[in-house]
Amino acid sequence: MKKLLATLAVSAVGTALALTGCSNSSTAADTSGPVTLTFWHGYTEADGKVLDQIVADFNKSQDKIKITTTTKPWAVIGDTLLTSLSAKNGPDIVALPAENLPVYASKGALQKLDDYYSSSAQNASLNPRAVEMEKIGGDYYGVPTGFVPLSVVYNKTLFQKAGIAAFPTTWDEWVADAKKLTVGADSGTPQQYGLALPDHATVGNGVWASLFYGNGGAIVDGNKSVLDSQANQQTLAYWAKAVHDGKISPTGLDGIASDKLFSSGKAAMEIGGPWMASVAKENNIDYGIAAIPAGPKGPAASAIGISAAVTSQADAAKKAAAEKFFDYFFSKDNATKWSLGSGWPALRTDVPSSAVSSNPVVASLTDIVGTARPLLPGVADSTDVLTAVDEATQKALSGGDPAALLKTASQSVQQALGK
Amino acid sequence: MTATTRERAPYRAPAPLGGRPLRRRGLAAKAFLFMLPALVILVAFVFWPMASALRLSFTNASGFGIEEWVGLSNYARIFTDQRILATLGNTALYTVLFTPTALVAALALALLLNNRLLIARGFFRTALFLPFVVSLAVAAFAWTYLLDPQVGLLTYWLRALGIQIGNVLQDPVLAMPTVVAVAIWKSFGFYMVIFIAGLQEIPESLYEAATIDGAGPWRRFTHVTLPQLSNTLAFVVIFAMIAALQAFDQIYVMTGGGPYRSTQSVVMELYQEGFKKLDLGMASALSYVLLAATLILSLIQFRFFGRREKDTL
C-alpha cells in the first residue's frame with residue numbers, strides 16, 4: 001500500500017505539472033469616476049511604445065474614459081486569456097493574432113461588435129480585407145490593429161552578382177531568377193539558394209496560402225475545404241518541381257529556418273513579414289522588399305493580421321468606451337502614426353504610401369496591401385487545418401504526389417471545419 | 001551512550017491509562033502543524049488541480065463560460081482517434097528509446113568514473129553533469145542550431161569529414177531518435193551521479209569476498225554490483241521513464257511535433273488541445289491517461305525490483 005501511495009504521489013506530481021498553467025492578474029476596473037479599461041497587447045518592441053502613446057493621448061483627449069495597457073508576449077496572452085477572464089481579472093480589450101479570434105469567439109470570450117461597424121464613421125475608410133478577418137459566422141468580433149501582406153525580402157548584393165537588374169513579377173520569372181541565384185546546384189548541396197521556401201510552419205502560416213491564391217486556389221471556402229482543387233494541385237506540383245529539380249530552395253525549412261538562411265546570406269530571397277527588414281539590417285544585408293510575384297491568376301498574398309476585441313468581461317459602458325477608443329485609433333492621424341510606429345501598412349485605405357514615405361518599408365508594403373487576403377477568417381480550428389496543409393506541402397516537396405497528398409489533407413481540413 | 005538509553009527506557013514505558021492517547025493526540029497535532037505549510041502548498045498546487053483536472057476530463061470545458069458534462073467521450077476519443085493514438089505510440093517509442101539508453105550510458109559512465117585508477121575523475125564527473133544544469137529549452141535551441149543542415153556547426157564539421165547527415169530534424173525516421181539523443185545528452189549526467197552515489201554505498205568487502213571466490217569482473221558486476229544497486233536502479237528507471245513519458249520541451253523547440261507529427265508526444269498533443277484549441281476537457285483526459293500509464297508502469301517496476309530484492313536477499 002505504501003508503495004502504491006508512493007508511486008501514485010511521484011507520478012501524480014509529475015503529471016500534474018504538465019497541466020499547470022499560470023495566471024496573471026491585472027488591475028480591476030473602478031466603479032466610480034471615469035470608465036476604466038484594461039487593454040492587453042503583445043506589441044513588445046518599439047511598436048508597443050507607439051501604441052501606448054496613442055492610448056495615453058486618448059486618455060488625455062477626454063476625461064470620461066481611462067485605458068491602461070499591459071504588454072505581454074502574444075503566447076502569454078493566448079495561454080492566460082480564458083483563465084483570467086474566468087477569474088474576472090482579464091482585460092476588457094485584448095489584441096490577438098487574427099487567426100486566434102474565431103476560437104475565442106466560439107468559446108464566448110469575446111463580444112460581438114456588429115453595432116460598432118454599423119455606427120462608426122471610420123468603418124467606411126477601413127481596409128475591407130482587414131475587416132473581413134474580424135467576421136465569424138456573419139458577426140464581427142474584433143477590429144483590425146494590424147494587416148500586412150507577406151512580401152519577398154531579397155538580397156540586392158546577390159541579385160547584382162547574378163546579373164539580375166529587376167525583381168521578377170511572375171512565377172516563371174521568379175523561379176528562373178531563383179535558379180540563377182542558386183550556386184552549386186550540380187553538387188547536390190548548393191552553397192547558396194535562390195529562395196528560402198519553407199514547406200511547413202511558414203511565416204504567419206501564409207506562404208502556401210499566398211501561392212495557392214496566386215493560382216486562383218484557396219484552403220477553405222466558407223465551411224468547405226477546397227484544398228484539393230485542380231488549381232492547388234497545379235500550384236503544389238509547380239513548386240515541388242522547382243525545389244526538387246531546380247534545387248532553388250532546401251526542403252524541410254520552417255519559417256524560422258528560412259529567416260536564418262536569408263540572414264546568413266545563404267538564400268537570396270525569402271517570403272517574410274515586415275520584421276525581415278530589421279533582421280536584414282542587423283546582418284548588414286543590402287535588402288529590398290517586393291510583392292510576391294504574380295501567379296497565373298494574378299498577384300496575391302496572405303496577410304498576417306492582428307485584431308483587437310472586447311472581452312465578455314466588459315460591461316455595456318466599457319464596451320461603448322472601447323468603441324470610442326477604436327474610433328480614435330482609426331482616425332486618419334492616428335492610423336498614420338500607428339502605421340509608421342508599427343512598421344505595418346495603415347489600416348485605412350485613404351492613407352497612401354506617400355503619407356508614410358518617411359519609412360520606405362512601410363511605403364513598399366502600403367503599395368501592395370491591396371493584394372492581401374486574410375488567412376482562414378472565421379475558422380475556429382485553424383491549428384488542425386494548418387497542420388494538414390503543412391503535412392501536404394512538406395511531403396510534396398520531399399517528392400510525394402501533390403494530388404494524392406492534397407486529397408488526404410483536404411479530408412483532414414474538412415474534418416477540422418466540421419468540429 | 002547505550003547505558004543512558006537503557007536507564008531512560010523505564011521512564012518512557014507504560015504511561016497511566018488514558019494519558020497516552022492524549023499525549024499522542026497532542027503530538028499528532030504538533031506534527032500536523034509542522035506539516036501544515038507544506039500540506040497547504042501541496043493541496044493548493046497539486047491535489048486540487050489534479051481533482052479539478054479529473055472533473056474537467058469529463059466535460060468540454062475551455063476554462064471559460066459554460067461547460068457541459070460529456071461523460072467518457074473525451075476518453076473514448078483518445079482511444080478511437082487515430083491521430084491521438086499515434087501520439088501515444090510516439091510517446092511509447094520515445095520512452096523505449098530514452099529509458100534504456102540513458103540508463104546504460106549513465107551506468108557505464110558511473111562505473112568508469114567510480115574507478116579509482118581513473119585520473120581527473122572530478123573533472124569528468126562535473127563535465128558530464130553540466131548538461132543537466134542547462135535548461136532543456138536552451139539545450140534544444142543550441143542543438144537545433146548545431147544540427148541545422150545549412151548553417152549548423154556540427155553539420156559543417158561532418159561535411160568537412162565527408163559525412164552528410166541531411167536535415168535530421170525534418171526526417172520522419174530520424175527526427176525522433178535525434179530529439180531522444182538530445183534528451184539523453186541532457187539528462188544522463190544526473191542519473192550517472194545517482195549511480196555513483198549508489199556504487200559508493202556498496203561495501204568493498206563484498207568485492208573482496210567475490211574475488212576470493214574466483215569471480216571475474218563480469219560476475220562481480222552481475223552478482224555484486226547489480227543486486228546491490230537494485231534500489232538505485234529502480235529509482236533511476238522510474239525517474240527516467242516518467243521524464244520520457246512527459247517529453248515536451250525539446251520536441252516543442254526542435255521539431256514542433258513534426259515532421260508529419262512523427263515526434264508529436266502526448267504532452268505536445270495535450271498542450272495543443274488545451275492551449276491552442278482551448279479544449280481543456282480533452283487535455284485533462286489526456287493527462288489522466290498519461291497518469292494511468294505512468295502509474296501502471298511504475299507499479300510493474302516496483303514489483304519487479306521488489307521481487308529482485310527479495311530474491312537476492
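None of the figures in this text is laboratory data; all of them are computed from the coordinates on show. Everything quoted here is computed from the prediction, not taken from an experiment. With ideal geometry, Cβ positions are generated from the backbone for all residues, glycine too; neighbour counts draw on all protein chains shown.
Residue A:60: which lysines have alpha carbons under 29 Å from its alpha carbon, excluding same-chain residues fewer than 8 sequence positions away? Within the straight-line limit of under 29 Å, residue A:60 reaches these lysines: A:49, A:72, A:88, A:112, A:318, A:319, A:324, A:332, A:337.
When the alpha-carbon atoms of the protein assembly as shown are used, the pair Rg, Dmax equals 30.5, 105 angstrom.
Computed from Cα atoms, the angle from the helix A:2-19 axis to the main principal axis of chain A rounds to 80 degrees. Set the Förster radius R0 to 45 Å, insert the Cβ-Cβ distance between residue A:281 and residue B:164 as r into 1/(1 + (r/R0)^6), and round the FRET efficiency to 0.05. Given R0 = 45 Å and the Cβ-Cβ separation, E is 0.85.
Looking at region B:82-312, the pairs of alpha carbons with a distance over 22 Å make up 60% of the total. Compared with the dominant Cα axis of chain A, that is its longest principal axis, helix A:402-418 is turned about 10°. Screening chain B for DSSP H helices whose Cα atoms reach 27 Å or more along their own axis and whose mean Kyte hydropathy is at least 0.5 gives B:19-42, B:82-113, B:175-201, B:280-312. Assuming charge only on the beta carbon of Lys and Arg (+1) and of Asp and Glu (-1), the dipole of region B:82-312 about its Cα centre is about 100 debye to the nearest 20. Springs join every pair of Cα atoms under 10 Å in this Gaussian network model of chain B, and among B:120, B:76, B:292 the largest mean-square fluctuation is at B:120.
Counted by Cβ distance under 14 Å from residue A:139, the other residues give a net charge of -2, where Lys and Arg count +1 and Asp and Glu count -1.
Computed about its Cα centre, the charge dipole of chain A is approximately 500 debye, with only Lys, Arg, Asp and Glu carrying charge at their Cβ.
The Rg/Rh ratio for region B:39-187, using Cα coordinates for both the radius of gyration and the Kirkwood hydrodynamic radius, is 1.11.
Take B:240-248, B:26-34, B:217-225 and order them by the average number of nearby Cβ atoms within 10 Å per residue, most first; the result is B:240-248, B:217-225, B:26-34. Pull up the cross-link candidates among the aspartates and glutamates for residue A:224, meaning alpha carbon to alpha carbon under 20 Å and not fewer than 8 places away within one chain. Excluding near neighbours in sequence, the set is A:99, A:132, A:134, A:139, A:381, A:384, A:390, A:391. Across region B:217-226, rounded Karplus estimates of 3J(HN,Hα) from the backbone phi angles (6.51 cos²θ - 1.76 cosθ + 1.60, θ = phi - 60°) give x, 5, 5, 4, 5, 6, 9, 10, 4, 4 Hz, Gly and Pro being marked x. Taking the Cα atoms only, what angle lies between the long axis of helix A:171-181 and the longest principal axis of chain A, rounded to 10 degrees? The two axes meet at around 70 degrees. When all alpha carbon pairs of chain A are counted in 20 Å bins from zero, the resulting P(r) reads 25, 52, 21, 2 %.
Counting only DSSP beta bridges whose two residues both lie in the protein assembly as shown, roughly 65 percent are antiparallel.
Considering all C-alpha pairs of region A:118-214, those separated by over 15 Å amount to 73%. Shielding of peptide A:259-269 by partners, expressed as the average count of other chain Cβ atoms within 10 Å per residue Cβ, is 2. Phi angles of region A:73-86 translate, via the Karplus equation with coefficients 6.51, -1.76, 1.60 and θ = phi - 60°, into HN-Hα couplings of x, 3, 5, 5, 4, x, 6, 10, 4, 5, 5, 6, 5, 4 Hz per residue; Gly and Pro are given as x.
Taking a straight Cα-Cα cut-off under 18 Å and skipping sequence neighbours fewer than 8 places away in the same chain, the aspartates and glutamates within cross-link reach of residue B:186 are B:249.
Per-residue shielding of B:245-251, expressed as the average number of other chain Cβ atoms within 10 Å of the residue Cβ, stands at 1. Working from label points 7 Å from Cα in the Cα-to-Cβ sense, the residue A:160 to residue A:62 distance is 5.3 nm. Each peptide in A:374-381, B:147-154 was scored by the mean count of other Cβ atoms within 10 Å over its residues; highest first, the order is A:374-381, B:147-154. For the segment B:59-67, counting C-beta atoms of other chains within 10 Å of every residue's C-beta and taking the mean gives 5.
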